[in-house]
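Participant: Encoded as structure tokens, here's the structure I'll be asking about.
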Amino acid sequence: MITVEEADRYIFDNLQDFGTEETCIQNALGRVLAEDILADRDLPPFDRALVDGVAIDFKNYSQNKIFYVKDIQAAGQNPFHVSDDIECVEIMTGAAVSETLNTVIRYEDISISDGKVTVNVDIKEGQNIHKKGRDKKFGDVLVLKNQRITASIIGIAASVGKIVLKVKKLPKVIIISTGDEIVLTENTPNNFQIRSSNSITIQSVLKKYNIDSDIAHLNDDLDLLKENLAKFLHDYDVILLSGGVSMGKFDFLPQAFEDLKIKKIFHKIKQKPGKPFWFGSRGEGKKVFAFPGNPVSVFLCLHRYFLPWLENSLGLKKQNHNYAILENDIHFSPNLQYFAQVVLKENSDGTVSAKTVDTNGSGDFSHLAETDAFMEFPSDKNEFKKGEVFKIWRYNQF
């Protein structure tokens, strides 16, 4: 049995690069960007008016506070030039400012009648003009790769004509529940069976990463497990399983993995819940995560181990760990890393506090909907005091 820290090391030593592909920006939301997005020209590409008003040459302002409108210019038109010292151009927000003009005055700061403009306030040279290339120069990086594509990134890509983006390929994933006591979600269990929930829970979480995973169920039969796992290893990059990895007489998965020559990297972690977690690989590109069957154990192992592995495999920038302040004293005697379900509260001083909830073990999934995270308590002590700060692993976030 290994420690949580050792499990982290083994998992991150086995990251998997799935390559890249191209997708249109309409389908890119939530994918991982695999290329930098560059400016295809200076930004802004021309001197542009920031307000509606009139554009003048400032050098004429010191001798003259009255101007005459030569033209009215809308955004998108070629800039209008002036050649006379008393001429100005009425100009709309976003319009290009001619090189013969260098200052824009708001309508609110002038009087205008029959084409005659009177300036009513003191002005500064260059005011209300967004200068060409002020934001970025041609070829500058606008968005760095290795981050999830957001709506704002899509907007930036569209603004530079990147209608097709290079993104990280997603793994092909199958989620397998095991156990004779499990029936399909849509079926009615007998008095000693339960409905399948782990697979659809995992599948729902993976949708946040744009992964459309498949689902299967296998009963506790060694030959059946080996036959189907062999096929799944051929068809999928990642196999996620729940159940069948503990010490019971019908927990056949470790033997099936061995017979199929899936290399065991570790089995069992010094933690609660989720101790029987099994992790292994076959060849260069196949990874197997076998979680214990209890729903809370599955939820913890998924968020604590698999999702960080997935994010790192996709090249996402390393995220800072989240921490919270414990709101209540707790005691935990076993020499295990303990993960408690907590309700989080954002405080007015910007800190986050966490209150633990009482549960009935890893089979009690009833509190997952009303809590926000697992708080991770180290194994080197058994008393945890109010006001102490510990790492948290959030869930139930869109």
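Just so you know, all these numbers are worked out from the coordinates, no wet-lab data involved. The structure presented is a predicted model; accordingly, all values stated were derived computationally and were not measured. Counting neighbours? That spans all protein chains shown, and the Cβs are built from the backbone with ideal geometry, glycine included.
Participant: Could you line up Lys391, Lys287 from fewest to most neighbouring Cβ atoms inside 10 Å?
Facilitator: Lys391, Lys287
Participant: Suppose a student asked you for the relative contact order of the chain, using Cα pairs under 8 Å spaced at least 6 residues apart; what percent would you report?
Facilitator: In percent, rounded to a whole number, it is 16.
Participant: Give, in nm to one decimal, the length gained when the segment between Lys59 and Ala158 is fully stretched (0.36 nm per residue of separation minus the Cα-Cα distance).
Facilitator: Computed gain between Lys59 and Ala158 is 31.8 nm.
Participant: Separate question: In square nanometres, what is the average projected area of the Cα convex hull of segment 111-254?
Facilitator: 19.3 nm²
Participant: Could you tell me the ratio Rg/Rh of segment 183-267? Both radii from Cα atoms, Rh via Kirkwood.
Facilitator: Across segment 183-267, the Cα-based Rg/Rh ratio is 0.97.
Participant: Separate question: Could you work out Rg/(2.2 N^0.38 Å) for segment 322-394, with Rg from alpha carbons only?
Facilitator: Rounded to two decimals, the normalised Rg is 1.06.
Participant: How much length would be gained if the chain were fully extended between Thr185 and Asp380, taking 0.36 nm per residue of separation minus their Cα-Cα distance, in nm to one decimal?
Facilitator: Residue separation times 0.36 nm, minus the Cα-Cα distance, leaves 66.1 nm.
Participant: What ranking of Thr23, Thr351 emerges when the number of other C-beta atoms within 10 Å of each C-beta is taken as an exposure proxy, fewest first?
Facilitator: Result, fewest neighbours first: Thr351, Thr23.
Participant: Next question, about the same structure. Label-point separation (nm) for Phe138 and Asp17, each offset 7 Å from Cα along Cα-to-Cβ?
Facilitator: It is 3.2 nm.
Participant: Only Cα pairs within less than 10 Å get springs; with that Gaussian network setup on the chain, which residue of Asn102, Asn219, Asn64 has the largest fluctuation?
Facilitator: Of the options given, Asn64 has the highest mean-square fluctuation.
Participant: Another question, then. Once label points are set 7 Å from the Cα along Cα→Cβ at both Asn396 and Gln77, what is their separation, rounded to one decimal in nm?
Facilitator: Result for the modelled spin labels: 5.8 nm.
Participant: Give the cross-link partners of Lys317 among the aspartates and glutamates, using a straight C-alpha distance below 14 Å as the criterion and excluding same-chain residues fewer than 8 apart.
Facilitator: Partners found: Glu35, Asp36.
Participant: Between Asn328 and Asp214, what is 0.36 nm times their sequence separation minus the Cα-Cα distance? Round to one decimal in nm.
Facilitator: 36.9 nm is the gain from fully extending Asn328 to Asp214.
Participant: For segment 48-130, give the share of DSSP beta bridges that are antiparallel, in percent and rounded to the nearest 5; count only bridges with both residues there.
Facilitator: If we restrict to bridges inside segment 48-130, about 75 percent are antiparallel.
Participant: What is the Cα centroid distance between segment 137-153 and segment 338-379, reported in whole angstrom?
Facilitator: One Cα centre to the other: 35 Å.
Participant: So if we plug the beta-carbon distance of Lys261 and Leu368 into 1/(1 + (r/R0)^6) with R0 = 30 Å, what FRET efficiency do we get, rounded to 0.05?
Facilitator: 0.25
Participant: Given the peptides 370-377, 127-134, 173-180, arrange them by the average over their residues of other C-beta atoms within 10 Å, most packed first.
Facilitator: 173-180, 370-377, 127-134
Participant: While we're on this one: Neighbour counts of other C-beta atoms within 10 Å: give me Glu22, Glu327 arranged from fewest to most.
Facilitator: Ascending number of Cβ neighbours within 10 Å: Glu22, Glu327.
Participant: Could you tell me the calculated FRET efficiency between Cys24 and Glu108, based on Cβ-Cβ distance and R0 = 35 angstrom, to the nearest 0.05?
Facilitator: After rounding, the FRET efficiency stands at 0.20.
Participant: Take Ile194 and Glu227, extend 7 Å from each Cα along the Cα→Cβ direction, and tell me the distance between the two endpoints in nm.
Facilitator: If labels sit at Ile194 and Glu227, their model points lie 2.8 nm apart.
Participant: So if I average 1/r over every pair of distinct C-alpha atoms in the chain and take the inverse, what Kirkwood radius in Å does that give?
Facilitator: 25.8 Å
Participant: Counting only DSSP beta bridges with both residues in the chain, tell me the antiparallel percent, nearest 5.
Facilitator: Percentage antiparallel, nearest 5: 65.
Participant: Hey, how many Å between the Cα centroid of segment 275-326 and the Cα centroid of segment 185-212?
Facilitator: First find each Cα centre; the distance between them is then 18 Å.
Participant: Is any residue of segment 374-398 close enough, with backbone N under 15 Å, to a label point placed 7 angstrom from the Cα of Thr3 along the Cα-Cβ axis, and if so, which?
Facilitator: Of the residues in segment 374-398, 377-382 have backbone N under 15 Å from the label point off Thr3.
Participant: Which three extents, in angstrom, do the Cα atoms of segment 48-130 have along their principal axes, listed largest first?
Facilitator: 30, 22, 20
Participant: Here is a follow-up. For segment 48-130, what is the relative contact order in percent, using Cα pairs closer than 8 Å and at least 6 residues apart in sequence?
Facilitator: 40 percent
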